[in-house]
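Let me begin by presenting the structure, written as structure tokens, before commenting on it.
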Amino acid sequence: MTLGSLLPGSEVLEKEEVVGGLCRSKVIEGFTYDIGGSHVLFSRNKDTMKFIERRLGDNVESRTRNTKVFFKGNYLKYPFENALSELPPEDNFECLAGYIESFYARRDESTQKPKNFEEWMYYRFGKGITEKYLLPYNEKIWKMKASDMSLDWIAGRIPDPPLDDVIRSSLGISTEGYTHQLNFLYPRTGGIQVLTDRIAEECSEITTQYAVKSIRKEGGGYIVSDSVSEKSFSRIISTVPIPSLIGCLDNVPGEVKQSAANLKYNSLISVFIGMSVPKTMDFSWAYFPEEESLFHRVSFPSNYSPGVVPQGHSSILAEITCHIGDDIWNMSDEEIIENVVNRLHQLEIIKRESVVVTDAARMTPAYVIYDSEYEANISVVEDHLEAQGIHTCGRFGQFQYLNMDACIEKAFAMAEELK
Ligand SMILES: Cc1cc2nc3c(=O)[nH]c(=O)nc-3n(C[C@H](O)[C@H](O)[C@H](O)COP(=O)(O)OP(=O)(O)OC[C@H]3O[C@@H](n4cnc5c(N)ncnc54)[C@H](O)[C@@H]3O)c2cc1C
């Protein structure tokens, strides 16, 4: 089943030269990298995985995750709580003791239910794991205080280990967490964009370089314009980020405009580095909670597939979150690349002299932020869009923390509903 066959006669309007959004890949001097940061394919849903596998066909590599957390100069197994025995003994003890305390406090109901993300970390993981890893990492990636974030997004996003696993991990008995992501697929050649390219081939009509600027209701349908030409449709499904979509509509009440403007997101700067050596590290990717590095995650795409680099070469992709207009955003691409290369050299992940290609890409928006006003804001906007008969789908279309598999599932569900 293809999405195109579920909604025959539909037209996709895309503002860029190619479809793919965050899932686009770029080829530069024989290196392929994903400009929206490292993307790999995994899902809890077997049908969705089959859908993805069919799109990749033979062009696929399968990997078992080898991911790490950089802590006090060492690379610990990910998730952090599954690697407690790799910590210095005192840190191991504090993490285990905190975890057990929080477990019994929850069980005996001797602790208050958490009201924000920071409280949830202490409530669920205890002091040690929270203060050594979860809190610094999350405040680094989200670029906001965890106490200002809500709990609406956490389920399924943050590993949720049973007590037994954490005790085992502290004693050095091997355990795995976040297991639905343990094995993943990646296109052998072409980067993650292969998936969206294959899906695009199944769509009936695609018009690129058409940036929707206005949508107005007329005669039971909609007139859509990019300020150059108008198109008329009987129905609209929007994947345009909600704040931009609201800006395309007429007669939007002030409260709705304000709620859409209040929805928060992070932007992302991806720094790509092509290396003249066949390997730097064996990892899939590594998390960097420490303040010294601008990046929070570094991935090793040539470990996903040798087909994304010229023979005998390797590649690295560093991810940096920021807000438009902040100090990081205001750095030039050259400054950011230099900063990342220097830090990776200092950490002995690369040797500066082996760098043969660098590039940087900016994505905005990249991550939905669930702040304490999120639920109130999104419901005002959703009610308005529903009243206008406009359907929304996707990560920023719905303004939810959705991965590719969830976007595919939402798209099928919507197509079924509308067919
Ligand atoms: C750093 C990072 C890593 C990720 N890693 C993974 C991963 O490993 N696995 C996973 O499953 N998911 C991952 N994701 C999530 C994944 O990127 C998203 O789930 C997916 O790309 C969302 O697709 P979308 O179509 O909803 O949105 P987008 O990819 O944002 O696409 C929206 C599209 O709308 C177009 N558009 C916007 N405005 C207009 C307009 N006015 N007119 C016309 N077109 C417009 C854009 O150009 C774009 O093509 C990751 C995301 C990030 C940021």
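The values are calculated or read from the model by the stated rules, or taken from the named source; none is laboratory data. Source: prediction; values computed, not measured. Quick reminder, even Gly has a Cβ in these numbers, built from the backbone with ideal geometry, and neighbours come from all protein chains shown.
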Every pair of residues 6+ apart whose Cβ atoms lie under 9 Å, when the first sits in the range 386-408 and is more than 23 Å from K217 (Cβ to Cβ) and β-branched (V, I, T) while the second is near the ligand (Cβ under 10 Å from one of its atoms) and in a loop (DSSP other than H, G, I, E, B)
I408/S43
Identify, from the list K132, K143, the residue that is of a type in the set (K, R), at pLDDT 95 or above and at positive phi.
K143
Consider only pairs whose beta carbons are under 8 Å apart and that are at least six residues apart or on different chains; among these, list those whose first residue lies in the range 89-101 and is assigned to a helix (DSSP H, G or I) and whose second residue is exposed (fewer than 15 other Cβ atoms within 10 Å of the Cβ).
D91/K72; Y99/L163; I100/L163
Got a sec? Which of S259, S284, S267 is more than 17 Å from R352 (Cα to Cα), crowded, with 19+ Cβ neighbours inside 10 Å and in contact with a His (Cβ under 7 Å, 6 or more places away or on another chain)?
S267
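Every residue, every condition in (1) outside any loop (DSSP other than H, G, I, E, B); (2) of a type in the set (A, V, I, L, M); (3) within 24 Å of I52 (Cα to Cα); (4) without any contact (Cβ under 8 Å) to a residue 60 or more places away in the chain, yes or no:
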residue: G177; (1), (2), (3), (4): no, no, yes, no
residue: H180; (1), (2), (3), (4): yes, no, yes, no
residue: L185; (1), (2), (3), (4): yes, yes, yes, no
residue: T189; (1), (2), (3), (4): no, no, yes, no
residue: T196; (1), (2), (3), (4): yes, no, yes, no
residue: C203; (1), (2), (3), (4): no, no, yes, no
residue: A211; (1), (2), (3), (4): no, yes, no, no
residue: K217; (1), (2), (3), (4): yes, no, no, no
residue: I223; (1), (2), (3), (4): yes, yes, no, yes
Every residue from the range 386-413 that is surrounded by fewer than 20 Cβ atoms within 10 Å (Cβ to Cβ), not in a loop (DSSP other than H, G, I, E, B) and not aromatic (F, W, Y)
E386, A387, H391, D405, A406, E409, K410, A411, A413
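Only one of I52, I35 is within 12 Å of the ligand (Cβ to nearest atom) and either touching a His at 6+ places or on another chain (Cβ under 7 Å) or under 29 Å from P136 (Cα atoms) (or both). Can you tell me which?
Within the list I52, I35, the selection yields I35.
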Within the range 225-235, is even one residue of a type in the set (V, I, T) and outside any loop (DSSP other than H, G, I, E, B)?
no
What number of residues within the range 63-82 are in contact with a strand residue (DSSP E or B) (Cβ under 7 Å, 6 or more places away or on another chain) and either surrounded by 13 or more Cβ atoms within 10 Å (Cβ to Cβ) or not hydroxyl-bearing (S, T, Y) (or both)?
11
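So which of L268, L294, L245 ends up being of a type outside the set (G, A, S) and part of a strand (DSSP E or B)?
Residue meeting the stated conditions: L268.
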Within the set of pairs 6 or more residues apart or between chains, which connect a residue that is under 14 Å from Q398 (Cα atoms) inside the range 232-246 to a residue that is of a type in the set (K, R) and within 10 Å of the ligand (Cβ to nearest atom) with Cβ atoms less than 9 Å apart?
T239/R395; V240/K15; P241/R395
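Report yes if E14 is more than 16 Å from the ligand (Cβ to nearest atom) and modelled with pLDDT of 95 or more, otherwise no.
no
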Taking into account only those residues within the range 297-319 that are within 15 Å of D282 (Cα to Cα) and assigned to a helix (DSSP H, G or I), which is farthest from the ligand (Cβ to nearest atom)?
P306
Testing K140 on (1) within 20 Å of F288 (Cβ to Cβ); (2) touching a residue at least 60 places away in the same chain (Cβ under 8 Å); (3) assigned to a loop (DSSP other than H, G, I, E, B), one condition comes back false. Which one is that?
(3)
Pick from the range 358-374 the residues that are away from the ligand (no atom under 16 Å from the Cβ) and modelled with pLDDT of 95 or more: which of them is surrounded by the fewest Cβ atoms within 10 Å (Cβ to Cβ)?
E373
Tell me whether the range 409-419 contains one or more residues that are within 21 Å of L268 (Cβ to Cβ) and away from the ligand (no atom under 14 Å from the Cβ).
no
Report, by residue number, each residue of the range 67-88 that is assigned to a helix (DSSP H, G or I) and hydroxyl-bearing (S, T, Y).
S85
Scan of the range 103-124 for residues that are surrounded by 13 or more Cβ atoms within 10 Å (Cβ to Cβ) and hydroxyl-bearing (S, T, Y), ordered by number:
T111, Y122, Y123
